[in-house]
1. Of everything in segment 141-184, what is part of a loop (DSSP other than H, G, I, E, B) and surrounded by 18 or more Cβ atoms within 10 Å (Cβ to Cβ)? Give them in sequence order.
2. Considering only segment 185-221, state which residues are modelled with pLDDT of 95 or more, surrounded by 12 or more Cβ atoms within 10 Å (Cβ to Cβ), over 14 Å from I141 (Cβ atoms) and of a type in the set (A, V, I, L, M).
3. Which residue is nearest to V67 (Cα to Cα), if the candidates are limited to segment 89-130 and must be modelled with pLDDT under 95 and among the acidic types (D, E)?
4. Could you list, in sequence order, the residues of segment 58-100 that are of a type in the set (D, E) and in a helix (DSSP H, G or I)?
5. Kindly provide the set of residues from segment 74-97 that are open to solvent by 60 Å² or more (accessible area, probe 1.4 Å) and among the hydroxyl-bearing types (S, T, Y), ordered by number.
6. Output the number of the condition that Q46 fails; it satisfies all remaining conditions of (1) open to solvent by 60 Å² or more (accessible area, probe 1.4 Å); (2) more than 28 Å from P135 (Cα to Cα); (3) without any contact (Cβ under 8 Å) to a residue 12 or more places away in the chain.
7. Select from segment 98-125 the residues that are open to solvent by 40 Å² or more (accessible area, probe 1.4 Å) and of a type outside the set (V, I, T) and list them in ascending order.
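The values are calculated or read from the model by the stated rules, or taken from the named source; none is laboratory data. Every value quoted in this text rests on a predicted model; they were computed, and no experiment measured them. Counting neighbours? That spans all protein chains shown, and the Cβs are built from the backbone with ideal geometry, glycine included. These accessible areas exclude ligands, DNA and RNA; they are computed on the full protein's heavy atoms, side chains included. Shrake-Rupley method; radii C 1.70, N 1.55, O 1.52, S 1.80 Å.
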Amino acid sequence: MAKAARKYLDAADREQQILEFAIDFVAQRGLRFTTRELADALGVSQPLLYRYFKNRDDLLQKIYDEVYLKRWDPGWNELLADRSISIRERLVLYLRAYTAAILDERWIRIFIASALEDPQITQKYLGLLHETTFPLIFAEIAAEAGVAVPSGPKADELVLEIVWGFHSSFFYMGVRKYVYRNKIPDDLDPIIRARVEVFVTGLAASMGNLGQFLPEVEAGQ
């Protein structure tokens, strides 16, 4: 980085160069670092670092924007809501795009590090899934099955846990590859299709029985 810094770059390019290095640094080191340690690794002064990032939290926000928000496609939820396509096919198309976005070493390792050391990144990203995508997946499976979605705090919690268990299985493939250093299949399409088939078939068949896991006041709604 220090050698690269000798080349002239405008402010925007220099900021991007430092940000890319910081992303690699955090992916390998984790989030337990000081800005002085990052500056030393960059081979630049701490004041220079602060010229581009106001503080450590500002840097983490930029990392979140670059690694996570830039890969989040609002069109995913539009696809999941498109009832001109079967819910199975919608989930397959969505999960192809989603796994292509997240099964990346920096994405996975920073996410794990954040969960363990500084949860601001994981909490922001999980908020996107929990507030929009997970309820939508459940509602669309229910709609195709012709079953009403249960309502109430406990019902919302149950819905979240059911979909999260399915959805997180794809994230876990990244953990296996980039944390455990285990091989995963090169072609994920058959796995995506099989998991979608098992999940949708099982959930659609059991939806009418979910009330038994809820308080009577919610189960009867």
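1. Scanning segment 141-184 gives a single hit, P150.
2. If the condition is that a residue be modelled with pLDDT of 95 or more, surrounded by 12 or more Cβ atoms within 10 Å (Cβ to Cβ), over 14 Å from I141 (Cβ atoms) and of a type in the set (A, V, I, L, M), then L188, I191, I192 are the ones that fit.
3. D118
4. At the first step, the residues of segment 58-100 found to be of a type in the set (D, E) are 58, 65-66, 73, 78, 82, 89.
Answer for segment 58-100, where residues must be of a type in the set (D, E) and in a helix (DSSP H, G or I): D58, D65, E66, E78, E89.
5. Selection gives S84 alone.
6. (1)
7. A100, D104, E105, R106, R109, A115, L116, E117, P119, Q120, Q123, K124
Yes/no per residue for (1) more than 15 Å from the chain's Cα centre (by Cα); (2) of a type outside the set (S, T, N, Q):
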| position | (1), (2) |
| --- | --- |
| S84 | yes, no |
| A97 | no, yes |
| A113 | no, yes |
| L126 | no, yes |
| E140 | yes, yes |
| D156 | yes, yes |
